[in-house]
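Q: Before I ask anything, here is the structure I am working with.
The values are calculated or read from the model by the stated rules, or taken from the named source; none is laboratory data. Nothing here was measured: the structure is a model prediction, and the numbers come from that model. FYI the Cβ positions are ideal-geometry reconstructions off the backbone, even for glycines, and counts take in every protein chain you see. Areas reflect the complete protein model, heavy atoms only, side chains present, ligands, DNA and RNA absent. Shrake-Rupley method; radii C 1.70, N 1.55, O 1.52, S 1.80 Å.
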Amino acid sequence: MNPAELAAYLDSVRITGLVATPRQDNLKHMRLFLERNEHLEFGVEHTRDWTYDDVFDLMHERVGTSPDRDHTEGQDTIDAGKCVAALDRFADRLGESARRRERILFATGHPAGLLPVHAAFARAVAAAGATVVRVPEGRVFGAGDIRQVFGVLVWHQHGGLMHTHFPEPMRLSLDTLTAAGHDLPDLVVADHGWAGHAANAGLPTVGFADCNDPGLFVSEAQGQLDVAVPLDDNVTPGLYEPLIDYVLGRAGLPRA
């Protein structure tokens, strides 16, 4: 699948284009990010002063949300071309890391959508000779603990894998690695607060972010996060299969 074909496909299944996240949610999350809301700050340390207008313009530039300030409710968009361009940079970085046989850590705060995506990449880099970083499991967080499923860190609670924006699980995981005498990863592939904290801690990080996740695009703009890929991060997992194939093909990695 070439870039134009992938872009058309992403629009057709609403991973990009007319996405499910409403306009009012996107605008609200920009404000909550600036207010350092615990669910929206994603562990991103501000290295400059950001105004609402700054973040609004950044989201249009990096994601393709509507530039119309009078458009406050209803449909919003993610630009497929911007997504594919970011996927190219994501794939190039992942492939480079795998060829160097680096230590790569995978994590997701959106297990119902992105866990299979991260797991596919983890299998591929392992098959190429890189090391998928393993973190000793069971570190307590909230009313649950941190587990690693198919090589991907997730937060477990009450028998289920939880959706979370919190950066704390990544901080705890990195602390656990250090305490166990293990090296920190050479690359982190993640989303939500998992990605935000890793990038803020100075680790090379690439990841995914929805149009209501301004924190990771701010992190990228500040030079902390290496790549933020704009997409709907919670469509049914099978819809990401062409995206997975495209990334692995560009990265020169096997479909393991």
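Q: List every residue pair whose Cβ atoms lie under 6 Å apart, where the two residues are 6 or more positions apart in sequence or sit on different chains, the first residue falls within region 170-198 and is closer than 19 Å to A98 by Cα and open to solvent by 10 Å² or more (accessible area, probe 1.4 Å), and the second residue, located anywhere, is among the basic types (K, R) and part of a strand (DSSP E or B).
A: These pairs meet every condition: D186/R103.
Q: Would you be able to tell me the number of residues in region 150-160 that are surrounded by 19 or more Cβ atoms within 10 Å (Cβ to Cβ) and either at pLDDT below 95 or of a type in the set (F, W, Y) (or both)?
A: Selection size over region 150-160: 1.
Q: Across region 92-120, what is the number of residues that are assigned to a helix (DSSP H, G or I) and either in contact with a His (Cβ under 6 Å, 6 or more places away or on another chain) or more than 19 Å from D232 (Cβ to Cβ) (or both)? Even if it seems obvious, please write down each step before you answer.
A: We begin by selecting, within region 92-120, every residue assigned to a helix (DSSP H, G or I); these are 92-99, 111-120.
Then keep just the ones that are either in contact with a His (Cβ under 6 Å, 6 or more places away or on another chain) or more than 19 Å from D232 (Cβ to Cβ) (or both); that gives 92-99.
Qualifying residue count, region 92-120: 8.
Q: So which of R123, R147 is surrounded by fewer than 20 Cβ atoms within 10 Å (Cβ to Cβ), in a helix (DSSP H, G or I) and either basic (K, R) or in contact with an Asp or Glu (Cβ under 7 Å, 6 or more places away or on another chain) (or both)? Break it down stepwise before answering.
A: On the way: R147 fails: in a helix (DSSP H, G or I).
Sole residue among the options that is surrounded by fewer than 20 Cβ atoms within 10 Å (Cβ to Cβ), in a helix (DSSP H, G or I) and either basic (K, R) or in contact with an Asp or Glu (Cβ under 7 Å, 6 or more places away or on another chain) (or both): R123.
Q: Can you tell me which residues in region 12-31 are under 19 Å from the mean Cα position of the chain (by Cα), open to solvent by 10 Å² or more (accessible area, probe 1.4 Å) and closer than 26 Å to E168 by Cβ?
A: Hits for region 12-31 are T21, D25, H29.
Q: When you look at D53, is it open to solvent by 70 Å² or more (accessible area, probe 1.4 Å), part of a loop (DSSP other than H, G, I, E, B) and either on the phi > 0 side of the Ramachandran plot or charged (D, E, K, R) (or both), yes or no? Talk me through it step by step, then tell me what you get.
A: Details: open to solvent by 70 Å² or more (accessible area, probe 1.4 Å): yes; part of a loop (DSSP other than H, G, I, E, B): no; either on the phi > 0 side of the Ramachandran plot or charged (D, E, K, R) (or both): yes.
No; evaluated as a whole, the condition is false for this residue.
Q: Out of G238, G249, G215, which single residue is surrounded by 17 or more Cβ atoms within 10 Å (Cβ to Cβ) and either polar (S, T, N, Q) or out of contact with any strand residue (DSSP E or B) (no Cβ under 7 Å at 6 or more places or on another chain) (or both)? Spell out the reasoning first.
A: Values: G238 fails: surrounded by 17 or more Cβ atoms within 10 Å (Cβ to Cβ); G249 fails: surrounded by 17 or more Cβ atoms within 10 Å (Cβ to Cβ).
Just a single option satisfies the conditions, and that option is G215.
Q: Pairs, please: C-beta under 9 Å, at least 6 apart or cross-chain, first residue within 16 Å of A98 (Cβ to Cβ) and modelled with pLDDT under 95 and in region 237-256, second of a type in the set (A, V, I, L, M, F, W, C) and not in a helix (DSSP H, G or I)?
A: So the pair list comes out as P254/A128; A256/A128.
Q: Okay, moving on. Which one of the conditions (1) touching a residue at least 40 places away in the same chain (Cβ under 8 Å); (2) polar (S, T, N, Q); (3) buried (at least 23 other Cβ atoms within 10 Å of the Cβ) does T205 fail to meet, given that it meets all the rest?
A: Every listed condition holds for T205 apart from (1).
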